[in-house]
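I have placed the structure first, in the form of structure tokens, so that the comments after it can refer back to it.
The values are calculated or read from the model by the stated rules, or taken from the named source; none is laboratory data. Only a predicted model underlies this, so the values are computations on that prediction, with no experimental measurement involved. Here the Cβ positions follow ideal geometry from the backbone for every residue, glycine too, while neighbour counts run over all protein chains shown.
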Amino acid sequence: MGAGMKKDTTSKMTGMWRSIITYRDPKTGEETKTVTAWEDNLVVDNGYVLQAMLFKNELSIAGLQYMAFGEGDPSWDPVPPSPSASDSTLFSEVFRYELQTANFVYLDASLSVVAGPTRRIRMTGILDYGDAVGDYIREFGLFGGDATATVDSGYMINTIRTERFLKTGAIRLERQVILGMGLA
């Protein structure tokens, strides 16, 4: 770093996530919703590579396109190990949710939705009632760049490992992820 320059720690991309779990009673159809607390997640090295490619206007490269869900590794139970910044795929991807414009909102410093653009964005991926039924979900991540619906394609931006969660047909799982600068 040059003489007299200060390190800017507010410009590093960081993230956090939470779950919104809706349980539908199979007998009554009544729905119960649980919202978890926000937790930090890891922006991986490829997140910064994709950011640089977008700045350079690389052809055939796009921003965030998919939220992928994975089973992870059963050996992670009951508490998964922390992911690594060098991770470029999920351990065992089982489902991809294609993100559309409606899945994204800009946030202000207090994390309220605004017209934007801002330094913060929230995206929501959904495992609906009929998706990934019978799978244990232990991980998820965001993919962009040249990502397609094909497992492990594209540039993984971030990754989150969670305690084992059995996805049944009675459960709708929404995962919200916020990425931005200065989220502290």
Completion exercise
For region 20-73 the number of residues that are part of a strand (DSSP E or B) and either touching a helix residue (DSSP H, G or I) at 6+ places or on another chain (Cβ under 8 Å) or surrounded by 14 or more Cβ atoms within 10 Å (Cβ to Cβ) (or both) is 17
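Give L42, L54, L64 a once-over and let me know the one that is among the hydrophobic types (A, V, I, L, M, F, W, C), more than 18 Å from L173 (Cα to Cα) and either modelled with pLDDT of 95 or more or touching a Lys or Arg at 6+ places or on another chain (Cβ under 7 Å) (or both).
Numbers: L42 fails: either modelled with pLDDT of 95 or more or touching a Lys or Arg at 6+ places or on another chain (Cβ under 7 Å) (or both); L54 fails: either modelled with pLDDT of 95 or more or touching a Lys or Arg at 6+ places or on another chain (Cβ under 7 Å) (or both).
Being among the hydrophobic types (A, V, I, L, M, F, W, C), more than 18 Å from L173 (Cα to Cα) and either modelled with pLDDT of 95 or more or touching a Lys or Arg at 6+ places or on another chain (Cβ under 7 Å) (or both) holds for just one of L42, L54, L64, which is L64.
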Practice task
Any residue in region 42-58 that's within 20 Å of V177 (Cα to Cα): show its pairings with residues that are surrounded by fewer than 20 Cβ atoms within 10 Å (Cβ to Cβ) and of a type in the set (D, E, K, R) at Cβ separation under 7 Å, as long as the two are six or more apart or on different chains.
Solution key: V44/D87
Problem - Selected residue (criterion: farthest from the chain's Cα centre (by Cα)) from residues of region 101-125 that are under 25 Å from E139 (Cβ atoms), surrounded by 11 or more Cβ atoms within 10 Å (Cβ to Cβ) and free of Cβ contacts under 8 Å to residues at least 60 places away in the same chain - result: V105
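Looking at M156, M181 in this structure, which one is modelled with pLDDT of 95 or more and of a type in the set (A, V, I, L, M)?
Numbers: M181 fails: modelled with pLDDT of 95 or more.
Answer to the check: M156.
Provide a single number: the residues in region 117-152 that are within 21 Å of A52 (Cα to Cα) and not acidic (D, E). I'd like the intermediate steps shown before the answer.
First, pick out the residues of region 117-152 that are within 21 Å of A52 (Cα to Cα): 117-123, 141-148, 152.
Filter once more, so that each one left must be not acidic (D, E): 117-123, 141-145, 147-148.
Result for region 117-152: 14.
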Practice task
Restrict the check to region 90-100 and report whether at least one residue is surrounded by fewer than 18 Cβ atoms within 10 Å (Cβ to Cβ), in contact (Cβ under 8 Å) with a residue 60 or more places away in the chain and either over 21 Å from T34 (Cα atoms) or not β-branched (V, I, T) (or both).
Solution key: no
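If a residue must be among the β-branched types (V, I, T) and either at pLDDT below 95 or more than 9 Å from the chain's Cα centre (by Cα) (or both), how many such residues does region 160-178 contain? Outline the logic, then answer.
Going through region 160-178, the residues among the β-branched types (V, I, T) turn out to be 160, 162, 168, 171, 177-178.
Still in the running and either at pLDDT below 95 or more than 9 Å from the chain's Cα centre (by Cα) (or both): 162, 168, 171.
Qualifying residue count for the region: 3.
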Exercise for the section: Give the number of residues within region 149-166 that are touching a residue at least 60 places away in the same chain (Cβ under 8 Å), in a loop (DSSP other than H, G, I, E, B) and either polar (S, T, N, Q) or within 20 Å of N41 (Cβ to Cβ) (or both). Expected result: 2
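E139: under 13 Å from the mean Cα position of the chain (by Cα), surrounded by 16 or more Cβ atoms within 10 Å (Cβ to Cβ) and among the acidic types (D, E), yes or no?
Details: under 13 Å from the mean Cα position of the chain (by Cα): yes; surrounded by 16 or more Cβ atoms within 10 Å (Cβ to Cβ): yes; among the acidic types (D, E): yes.
For E139, the condition - under 13 Å from the mean Cα position of the chain (by Cα), surrounded by 16 or more Cβ atoms within 10 Å (Cβ to Cβ) and among the acidic types (D, E) - is met.
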